[in-house]
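J.: Got a structure here, written out as structure tokens. Questions coming.
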């Protein structure tokens, strides 16, 4: 399939993997977008060389996928994938211009990130009953770790045992682009981790990750998604129920309780402050709500 695009695509994905050090999940997203585009070129333009691809061809592809009711966010991501691909080959001198230069990405209205209320998180972690089994203990600690550290799903399921430092009460996380960051952990989380590890050592496992199943395997993304969705659903009516919502919850609760924006940025592992600023909106909304409830003229 689209044979003549295989080498340019491989060169680009190798660059993302070995130089940019992108995660497997991000690499797959780029590759999927580009393969969809190349399949379209093959069907409509008989696999035209990348040196002859122009903006009109890209616009016609975008028009076709937009007709399939793909969201503006997905279209914007696909444009970003194409921009990165052609920018890479332009830099190497394989093409003379980028055909994406004339493409304007659709504007996306910024939505405030979903998060679980503090009282609901308290119910989830302190009141809700979990099974007195390895699965139940793992589920509760997964939820506790998400909320106390704000780490990403991939960071959690791949967290090595040696990255937990009980002497300094912190964990070292390898984030996007293989960037390391240090996250302090609370005495509550330390205590729960130590109790979990004392039982974990009894379970035979070839894996060095913190979280394992009752059979000694690493946790899968789908399993973590399911347990998070199920348990958030027991205490909250929010529409989105995912591991990333717990990351939003961690950041939002920090901001609402006076944490500095730059500190939250470092804890989340964001590369720029702009990505973290969305959480200030939730803080402002909380202030507005308090004002309306308390001010006699509101």
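Bear in mind that the values in this text are calculations on the coordinates, not laboratory data. Just so you know, these numbers come straight off a predicted model, no measurement behind them. Quick reminder, even Gly has a Cβ in these numbers, built from the backbone with ideal geometry, and neighbours come from all protein chains shown.
J.: Go ahead and estimate [θ] at 222 nm for the chain from helices alone: -39,500 (n - 2.57) per DSSP H run with n ≥ 4, summed, over the residue count, rounded to 500.
T.: So the helix-based figure for the chain works out to -17000 deg cm²/dmol.
J.: Compute the relative contact order of the range 118-294 as a whole-number percentage, counting only Cα pairs closer than 8 Å that sit 6 or more residues apart in sequence. Please report the intermediate quantities before stating the final value.
T.: Numbers: 191 pairs, mean separation 42.7, N = 177.
This gives 24 percent for the range 118-294.
J.: Using packing as a proxy for protection, rank 249-257, 269-277 so that the peptide with the highest average count of other Cβ atoms within 10 Å comes first.
T.: 249-257, 269-277
J.: How tilted is helix 221-235 with respect to the longest principal axis of the chain? Cα atoms for both, answer in degrees (0 to 90, nearest 10).
T.: Compared with the principal axis, the helix lies near 50 degrees.
J.: What's the angle, to the nearest 10 degrees (0 to 90), between helix 72-91's Cα axis and the longest principal axis of the chain?
T.: So the inclination is approximately 60 degrees.
J.: Starting from the exponent 0.38 and prefactor 2.2 Å, build the expected Rg for the range 24-175 from its residue count and divide its actual Cα Rg by it.
T.: 1.52
J.: Pairing the Cα long axis of helix 243-256 with the longest principal axis of the chain, what angle in degrees results, from 0 to 90 and rounded to the nearest 10?
T.: Result, in degrees: 60.
J.: Apply the a/c threshold of 1.5 to the C-alpha gyration tensor of the range 112-215 and tell me whether it is rounded, prolate or oblate.
T.: Because a/c hits 1.5 or more and a/b fails to exceed b/c, the range 112-215 counts as oblate.
J.: Is the C-alpha gyration tensor of the range 171-216 telling us rounded, prolate or oblate? Criteria: a/c under 1.5 is rounded; beyond that, a/b larger than b/c is prolate, otherwise oblate.
T.: Oblate shape, in that a/c is at least 1.5 and b/c is the bigger or equal ratio.
J.: Given that just one value was derived from the coordinates, which of [x] 22.1; [y] 20.3; [z] 18.8 is Kirkwood radius over Cα pairs in Å?
T.: So the structure-derived entry is [x].
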